[in-house]
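What follows is a short report on a single structure.
The values are calculated or read from the model by the stated rules, or taken from the named source; none is laboratory data. Predicted model only: the values in this text are computed from it and were never measured. Quick reminder, even Gly has a Cβ in these numbers, built from the backbone with ideal geometry, and neighbours come from all protein chains shown. Surface accessibility is based on the protein's heavy atoms, side chains included, excluding ligands, DNA and RNA. Shrake-Rupley method; radii C 1.70, N 1.55, O 1.52, S 1.80 Å.
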Amino acid sequence: MLDTLNPPKRNVVPPVSREQYIKAFSWMLLARTVEEKLASLWRAGKIAGGVYLGKGQEAVSAAIGILLKSGDIFGPLIRDQAGRLAFGESLVDIFRTHFGSRTGPTRGRDGNVHRGKPRDGYHAMISHLGSLVSVVAGALVARRFKGDTSAIGATTIGDGGTSTGSFHEAINMAAVEKLPLVVVVVNNQYAYSTPNHRQFACNHLVDRAIGYGVEGYTMDGTDLRSCLEVVAYATERARSGHGPQMVVGSCLRLSGHGEHDDGFYVDKNLFHTALGRDCLKVAENYLQEQEWADEALVETWRRNAKQQVEEAVAKAQREPLADPSDETWCPYATQRLAQALLVR
Amino acid sequence: MSITYLEAIREAQEKALRDDPRVYIYGQDVAAFGGAFKATKNLAKEFPGRILDAPISEDAMVGSAIGAAIEGMRPIVEMQFADFSTLAVNQIVNQAATLYWRTQVACPITIRLPSGGNPGSGPFHSQSLESLYAHFPGLVVMTPATVEDAYTMLLEAVDIDDPVIFCEHKYLYNRLKSAELPESGLPCHQARVARLGRDLTIVAYSAMVHEALAAAEQLRKEDIEVEIVDLRCVKPLDVDTVLASVARTARLLCVGESWPWGGVNSEVITSVVTHGFHLLDAPPQRINSKDTPVPFHVGLWGAHKPSTQVIVAAARRLYEW
């Protein structure tokens, strides 16, 4: 297995500090709280369509979100609630998008995880996996044209998404252009119901990095410390001109594909392996082991997260929903084209 | 001094690059080589670093253009042949076409599609895909028929804030010449009456405008005066100009090089029948390429696409109906 990091290079980045760890943990906790609320709203019939959770993947996602800086670019995927929050997403926008509020970033035109603020570097995924990688790469091409040499871009993908042609084309292209792009592959063992052995035949997904001519690292996706260390290293390498970086984090999806799916097909033995650990629990234990936070403090944070989420939900619920009679029904940004359509 | 349709496309790109620092060109073999058809000849020398050779990755070419456009650039993507753009359909129709609708962020990209048949080009270097792209909301689909439109419409494509599929016809590249390039042209959402007539209207676009013009000249000898509407842009579609023409002639024949099923011709006829049924003295007709892949053999290819003779015969039948 290729792992550019192992064994000796890890000391290039400073050790994970208490402050950073707690910051990341707080985003994980908030993301989990948000998603529990989303699931509950979905079960109560308050959300149409699907609800897709990132339970078990918060450590990877939070690590990316907090290691990106202001001015960087982030292309999150469906299980990136923690990273989205850490990158600056407002809580209320999450619920606005799920409810189809007129006030939300997609104004009811798109829902659930398909939200973002692309001009702020926070990209809005489409459902076609792999297709966001080249978009983030292109945003970095633009930054290069504009003389911005400090920004990097990061995007995530699942084990299933790595099988797409789009993923392959984008990483190859980013490597050719030597773009400061960090691609984090979260191998949660299942793509919807399809296990790894029906998805790819290489020994380890990180082995693909060498084929693309990019640096590749592995990390334990259930261990926040590992995620913070490895993602810090990868982002640092990207920032310092070493081209695209591929990071593969392993974990287990601790929910169905969406809330409509009970995940009956998941091999139950996996829950008793290291992969099946709940990263939030692992992180909480680590905080206590390090004596960085005790149970009471974590409980305070938990209550605080709940309160923030309840306030955001209440705010979103008071706001107007999308209304067909207010809709422009015009897909064009160009005013004269929109005008020409209206006249007709 | 004359300038070809192909040179007009090169000149438009040169002007766009010169006038707007946000413009860059991305495509296979477009830099030092100057493009498969030489539409970017010498541009890499003139604008170093702004003409980028792409790997054979149509999906990533368009995806990256979308990302760059979000950041404020104005990318022009050259597909080597329109046919290969199908490898980027997901990025074009799901990502670029929906971006503004979903996020209120515009996606000003131009995708150049060297389109249509040429002798000996066969099934995979001859396709006319305007109907495919016109199906998807959010895309602008331009189909210039003249040297002047090739120039001004490509500049407009780069200028407007929406993703543009620019279908430039390969058959016209070196066959069509004009004395000089215009300063400005009609806006893309307006069709043009290419020939005034009295007896029937032919609606065409791209290379088929020239087949229709040739047919009209033949029919004139029979005292049938054909009016020709050049759509210029098939999405959005200027139905008003078509209806105004049909109001004068009461007969409609649509000619397009793409396949018949659910295409531009169908849309034009549907619009005219819906909004101007009372204007018609005869059932509207259409001529498309035959509903098979585009054949390789020159004789087969000539019979596959609408020709002047087929248009003349159909127009005569419609006139006599």
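For the options B:His210, B:His304, B:His278, a Gaussian network treatment of chain B with springs between C-alpha atoms closer than 10 Å singles out B:His278 as fluctuating the most.
Amide H contacts of B:Val141: B:Ile165, B:Val234, B:Lys235, each under 5 Å away and 5 or more positions distant or on a separate chain (H built 1.01 Å from N in the peptide plane; Pro and chain starts excluded). All other residues with a Cβ under 11 Å from the Cβ of B:Ala212 taken together, and with Lys, Arg as +1 and Asp, Glu as -1, what is their net charge? Local net charge: -3. A straight Cα-to-Cα reach below 18 Å connects B:Lys305 with the lysines B:Lys170, B:Lys290, residues fewer than 8 places away in its own chain not being considered.
Can you tell me how the protein assembly as shown classifies by the Cα gyration tensor, rounded, prolate or oblate, using a/c under 1.5 as the rounded cut? Prolate, because a/c is 1.5 or more and a/b exceeds b/c. Summary of the geometry: the stretch B:56-73 and the stretch B:31-55, compared by the centres of their Cα atoms, lie 17 Å apart. With each label modelled as a point 7 angstrom along the Cα→C-beta vector, the B:Glu183-A:Ala48 pair spans 5.2 nm. Rolling a 1.4 Å probe across all protein chains gives B:Phe296 an accessible area of roughly 140 Å². The contact between chain B and chain A removes approximately 3900 Å² from the accessible area (both sides summed; 1.4 Å probe; ligands, DNA and RNA excluded). Which percentage, to the nearest 5, of the DSSP beta bridges contained in chain B is antiparallel? Close to 20 percent. Of the residues B:Asp149, B:Asp162, B:Asp20, which exhibits the maximal mean-square fluctuation in a Gaussian network model of chain B defined by a 10 Å Cα contact cut-off? Result for chain B, Cα springs under 10 Å: B:Asp20 fluctuates most. Summary of the geometry: the stretch B:135-167 and the stretch A:276-344, compared by the centres of their Cα atoms, lie 38 Å apart.
Near the amide H of B:Leu52, within less than 5 Å, lie the amide hydrogens of B:Ile25, B:Tyr26, B:Gly27, all on another chain or at least 5 residues away, with H placed in the peptide plane.
Annotation: per residue accessible area for the protein assembly as shown equals 39 Å², rounded to a whole number [probe 1.4 Å, protein chains only]. Once you reduce the stretch A:27-86 and the stretch B:176-217 to the center of their Cα atoms, the two points are 54 Å from each other.
By the gyration tensor of its Cα atoms, with a ≥ b ≥ c the square roots of the eigenvalues, what is the shape of the stretch B:182-306: rounded for a/c under 1.5, prolate for a/b over b/c, or oblate? Since a/c stays below 1.5, the shape of the stretch B:182-306 is classed as rounded.
Accessible surface comparison of B:Ser271, B:Ser2, probe 1.4 Å, protein chains only, largest first: the order is B:Ser2, B:Ser271. Using the Cβ of A:Ile152 as centre and a radius below 13 Å, the other residues enclosed give a net charge of +3, where K and R count +1 and D and E count -1. The protection proxy used here, the mean number of other Cβ atoms lying within 10 Å of each residue, ranks peptides B:280-287, A:269-276 as follows, highest first: B:280-287, A:269-276. Here the protein assembly as shown carries DSSP beta bridges of which approximately 15% are antiparallel, counting only pairs with both residues inside.
Look at the stretch A:324-336: the mean tally of other chain Cβ atoms within 10 Å of its residues' Cβ atoms is 5. Summing charges over all other residues whose Cβ lies under 14 Å from the Cβ of A:Trp42, with Lys and Arg as +1 and Asp and Glu as -1, gives -1.
Please return the longest stretch of chain B lacking exposed loop sites, where GluC sites (Glu not before Pro) count only if DSSP places them in a loop and at most 14 other Cβ atoms lie within 10 Å. Please list the in-between numbers first.
Numbers: sites that count: B:Glu180, B:Glu183, B:Glu222.
Segment B:1-179 is the longest.
If I take R0 = 45 Å and measure r between the Cβ atoms of A:Ser40 and B:His135 in this structure, what FRET efficiency does the formula 1/(1 + (r/R0)^6) give, to the nearest 0.05? Result of the calculation: an efficiency of 0.70. Surface composition of the stretch A:19-60: carbon plus sulfur atoms hold 50% of the accessible area, using a 1.4 angstrom probe and ignoring ligands, DNA and RNA.
Compute the FRET efficiency between B:Thr308 and A:Asn196 as 1/(1 + (r/R0)^6), taking r as their Cβ-Cβ distance and R0 = 45 Å, and round to the nearest 0.05.
0.15
Ranked by the mean number of other Cβ atoms within 10 Å of their residues, highest first, the peptides A:236-249, A:306-319 come out as A:236-249, A:306-319. The mean sequence distance of close C-alpha pairs (under 8 Å, at least 6 residues apart), as a share of the length of the stretch B:192-320, puts its relative contact order at 29 percent. Between rounded, prolate and oblate, where does chain B land on the alpha carbon gyration tensor, with a ≥ b ≥ c its root eigenvalues, rounded for a/c under 1.5, else prolate if a/b exceeds b/c? The shape class here is prolate.
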